[in-house]
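Heads up, the thing below is written out as structure tokens.
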Amino acid sequence: MVSLLPAPGHRRLLASLATAACLVPLLAVPAAAAGAMPPPVRPEDGGDHLTVVVRHAGAGRDGTYQVRCHPESGRHPDVAGACRALDSHTRWGEDPFAPMAPGALCTQLYGGPATARITGTWAGRPVDASYDRGDGCRIARWDRMVPLLPRMGDPA
């Protein structure tokens, strides 16, 4: 095959075509994967259901709560609010229940003895997450899950 382009131009053309070929898969990402929407819940998945066990948070806050989302139901003081909080922190490819990043710099602010454990299924994935309020990072992590977890600091 005879090239009509000089050697440097031929190399630039090939480099440009190779770059474009690498970008094509990025353009084909479904809208749900590109945005903040969680994957759809399929009936065979059994839906989103969580058990929340709260301890040492104080009267009116401690207990075991059941939350189902999509559709909303369960024994929880604010099922709709809990589902909204979970939906707002759910992003494709990210775990809304992920622990703090190792080596995170946190204020040494103690938020009290409250603990919580969340188990179940969310967005088709198993959940087994523990929460406490032992420093500023853990307080912020807890607060992101309010009202799934009880708001602390206010009288119950």
Exercise. How many of the residues making up segment 105-132 are more than 19 Å from His89 (Cα to Cα) and open to solvent by less than 40 Å² (accessible area, probe 1.4 Å)?
Worked result: 4
Problem set entry | Residue selected from segment 133-148 under the condition outside any helix (DSSP H, G or I) and out of contact with any Asp or Glu (no Cβ under 8 Å at 6 or more places or on another chain), by the criterion surrounded by the most Cβ atoms within 10 Å (Cβ to Cβ) | Leu148
Exercise. Which one is nearest to Tyr131 (Cα to Cα), of the residues in segment 65-100 that are open to solvent by less than 60 Å² (accessible area, probe 1.4 Å) and in contact with a Ser or Thr (Cβ under 7 Å, 6 or more places away or on another chain)?
Worked result: Pro96
Problem set entry | For Pro150: the one exception among (1) free of Cβ contacts under 8 Å to residues at least 12 places away in the same chain; (2) over 14 Å from the mean Cα position of the chain (by Cα) | (1)
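The values are calculated or read from the model by the stated rules, or taken from the named source; none is laboratory data. Model, not experiment: these values are computed from the prediction. Virtual Cβ from ideal backbone geometry, glycine too; neighbours counted across all protein chains shown. Quick note on the areas: whole protein, heavy atoms, side chains included, nothing else; ligands and nucleic acids left out. Shrake-Rupley method; radii C 1.70, N 1.55, O 1.52, S 1.80 Å.
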